[in-house]
Amino acid sequence: MAKVSDIFARKPARNGTPEPGSILSALSVPLFVVDDQDQLSFVNQAAEQFFASSTTTLLGRPLSEILPEDSPAFGLIHQVRDGGYSVSEYGVTLSGPKIGSHFVSIDAATVADRPGSVVVSIHERSIARKIDHQLVHRNAARSVTAMAAMLAHEVKNPLSGIRGAAQLLEQNADPEDHQLTRLICEEADRIVALVDRMEMFSDKQPLAREPVNIHVVLERVRRLAENGFARHVKFIESYDPSLPPVYGNRDLLIQAILNLVKNAAEAVPKEGGEITLSTRYQQGVRLAIPGSGSRVDLPLQVMIQDNGPGIPEDIQPHLFDPFVSTKAGGSGLGLALVAKIIDDHGGVIEFESQPRRTLFRLMLPMVPRETGLEEELTVDGDQV
């Protein structure tokens, strides 16, 4: 049987099409193929640099001589080989005496015409775009959590005293000064209301989870929007009807998606504004939780897309930080709250933005098999 490296080394076609090996070698992403014995049968130039060895040294060499046998790469390769489908895993640490330690994402897939062979690509830049974003979102949520606890303790109590003092002053103040005392009370109430919103972030109770039909959630959000802030918007729905239930909290998912839809409705043009709600199942997307050995499967994707002008580039790196907003008078807490809700679900939120196409993608967990609830849908109270 020919090696995969032989396949990639075929001569170019007569019409001038370049050989596959030269294309793969030109990629900046490390890519390699292991055969059914976990021996390297192809490496591109980026993989040579990643493994700090030449192609001649690497070909035919067991991957276990480069990476420790307990490396998550082997589990991923065996999963792909046994399941016959592609898998993407985010937040993986690859380390070895020669390569050092790398925090990466890995994509792995079978080679169709070579049973047992698996092609693996390593994405350090991808992790910066995806998981580093998610970790930033988590840090943003945690910073808001700490701020909420501080505000509740250090601000609300003094505000109560300030408001009470203003009410006492009003009793003896001249009528023309009542406007000032009322202003003090109103501003104190406004700040307390803001702190109350912040306190939502400080709730550290574990989520009350159950199987949730995400399409029922999206239908509820759409109807709320169409009868309120999004009357001028055309909604387009593209759902995967076979999608299994999300393992989550129905009310919090409604709140998170409603925030995203509200932002989209405010961004689209008054004439011709469109919001697309879609779902799909993507087998094999997993997130390794930093600091633990556990990995969460995130195959359920919910997308909210609008045709607005896009998010300014200078705002994008800080979009989920608290008090960052593109709207005049906006508090900048909406997306920070969305980040916290998705984080609490163990999910990932990503976004892509360009003029006339801004997409937010939620990757959420399905009901774990060990719960015995994977076939159960919560429908009580979900009538929309």
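Coordinate-derived values only; no laboratory data. None of these values were measured; they are calculated from a predicted model. When we count neighbours, we look across all protein chains shown, and the Cβ atoms used for this are built from the backbone with ideal geometry, even at glycine.
General remarks:
- Alpha-carbon centroids, segment 208-225 and segment 44-67: separation in whole Å: 48
- Under 14 Å, Cβ to Cβ, from SER54 - net charge with Lys/Arg +1 and Asp/Glu -1: +1
- Neighbour-limited loop hits for chymotrypsin sites (Phe, Trp or Tyr not before Pro), segment 220-265 (at most 15 other Cβ within 10 Å; DSSP other than H, G, I, E, B): PHE229, TYR239
- Listing LYS262, LYS270 from fewest to most neighbouring C-beta atoms within 10 Å gives LYS270, LYS262.
- At full extension, GLU69 and LEU169 could sit 28.5 nm farther apart than now, given 0.36 nm per residue minus the alpha carbon distance.
- Length available on full extension from GLU352 to ARG369: 0.36 nm per residue minus the Cα-Cα distance, which gives 2.9 nm.
- Label separation (ILE162 vs ILE315): 2.8 nm, computed from points 7 Å beyond Cα along the C-beta direction.
- Sorted by Cβ neighbour density within 10 Å, fewest at the top, the residues ILE341, ILE66: ILE66, ILE341
- Per-residue 3J(HN,Hα) values for segment 217-231, derived from phi via the Karplus relation 6.51 cos²θ - 1.76 cosθ + 1.60 with θ = phi - 60°, read 4, 5, 5, 4, 4, 4, 5, 4, 5, 5, 9, x, 6, 10, 5 Hz in sequence order (x marks Gly and Pro).
- Counting neighbouring Cβ atoms within 10 Å and putting the fewest first, the residues ARG209, ARG182, ARG231 line up as ARG231, ARG182, ARG209.
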